[in-house]
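Peer 1: Have a look at this one before I ask anything.
Derivation of every value follows stated rules applied to the coordinates shown; laboratory data play no part. Just so we're clear, the structure is a prediction, and the values are computed from it rather than from any experiment. Neighbour counts run over all protein chains shown; Cβ positions are idealised from the backbone, glycine included.
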Amino acid sequence: MGDIQTTSGAKFYISDAATTAATDTLAEYEALSWIEVGLIEDLGRLGDVSTEVTGASIRDGRIRKAKGARNAGTQTVICFQDPFDAGQAKLREAQATNDNYAFKMEVPDGPADTFTNTFRYYRGLVMSEEGNYGTNDNIMRYTFNIGVNSAVTEEPAATV
């Protein structure tokens, strides 16, 4: 493998049932049952961003900065429309609730063929489900926005 990797071959899953706020450890995530979401075009962004907290010092007129609460953001997942895909159906079902679900991303980023892939786990709400229809020459898509409500738990690539 080269020194960079593409997202090609990544996989995305939703838990088969809603989860509780207590689901946070690798062992708890690995114990869940998962449904793969098919025909994904774009997995969007994922990761913590700290709120910028500022205050101005009168003496030197400088703004001081500190890190506030962390926010893992809203992940935008875009799929080609497939009415028979169980994962897309589960995302639509989750969007109709106020429940948190667990999510798993498998990223093919091992530095060599003798490595496993990296897995990222987190909890969140499926905040929206929007159809993207476009023009004659457009593939119909669904955009799902997932409001992430936990830290991202990572199981990094490791040797097999």
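Peer 1: Using 0.36 nm per residue, how much length does the chain from residue 84 to residue 4 gain when fully extended, once their Cα-Cα distance is taken away?
Peer 2: Between residue 84 and residue 4, full extension yields an extra 25.4 nm.
Peer 1: Run the numbers on the chain and let me know its relative contact order in percent, using alpha-carbon pairs under 8 Å that are six or more apart.
Peer 2: For the chain, the relative contact order is 27 percent.
Peer 1: For a Förster distance of 30 Å, can you work out the FRET efficiency between the beta-carbons of residue 16 and residue 136, rounded to the nearest 0.05?
Peer 2: According to the calculation, E is roughly 0.20.
Peer 1: For helix 86-95, report the angle its Cα long axis makes with the longest principal axis of the Cα atoms of the chain; keep it between 0 and 90° and round to the nearest 10°.
Peer 2: Taking Cα atoms only, the helix is inclined about 40 degrees.
Peer 1: Taking the Cα centre as origin and putting +1 on Lys and Arg beta-carbons and -1 on Asp and Glu beta-carbons, what dipole magnitude results for the chain, to the nearest 20 debye?
Peer 2: 920 debye
Peer 1: If you don't mind, another one. By how many nm would the segment from residue 45 to residue 151 lengthen if fully extended, with 0.36 nm per residue of separation less the alpha-carbon distance?
Peer 2: 36.8 nm
Peer 1: Return the lysines within reach of residue 11: Cα separation strictly under 20 angstrom, same-chain partners fewer than 8 residues apart disregarded; answer none if there are no such residues.
Peer 2: Here the lysines satisfying the reach criterion relative to residue 11 are 90, 104.
Peer 1: Right, something else. If each residue of separation counts as 0.36 nm, what is the full-extension length gain between residue 59 and residue 27 once their alpha-carbon separation is subtracted?
Peer 2: Taking residue 59 through residue 27 to full extension adds about 6.4 nm, to one decimal.
Peer 1: Using the number of other C-beta atoms within 10 angstrom as an exposure proxy, rank 160, 148, 37 with the fewest first.
Peer 2: 160, 148, 37
Peer 1: Given [x] 24, 18, 15; [y] 30, 22, 19; [z] 35, 15, 13, which label gives semi-axes √(5λ) of the Cα gyration tensor in Å as computed from the coordinates?
Peer 2: Answer label, from the structure shown: [y].
Peer 1: Could I ask something else about it? Go through 121, 39, 15 and say which Cα lies farthest out towards the positive end of the charge dipole of the chain; charges sit on Cβ, +1 for Lys and Arg, -1 for Asp and Glu.
Peer 2: Among 121, 39, 15, the one farthest towards the positive end of the dipole of the chain is 121.
Peer 1: For the stretch 11-155, with the dipole built from +1 on Lys and Arg beta-carbon atoms and -1 on Asp and Glu ones, taken about the Cα centre, which of 112, 57, 147 lies farthest toward the positive end?
Peer 2: Projecting each Cα onto the dipole axis, the largest value belongs to 57.
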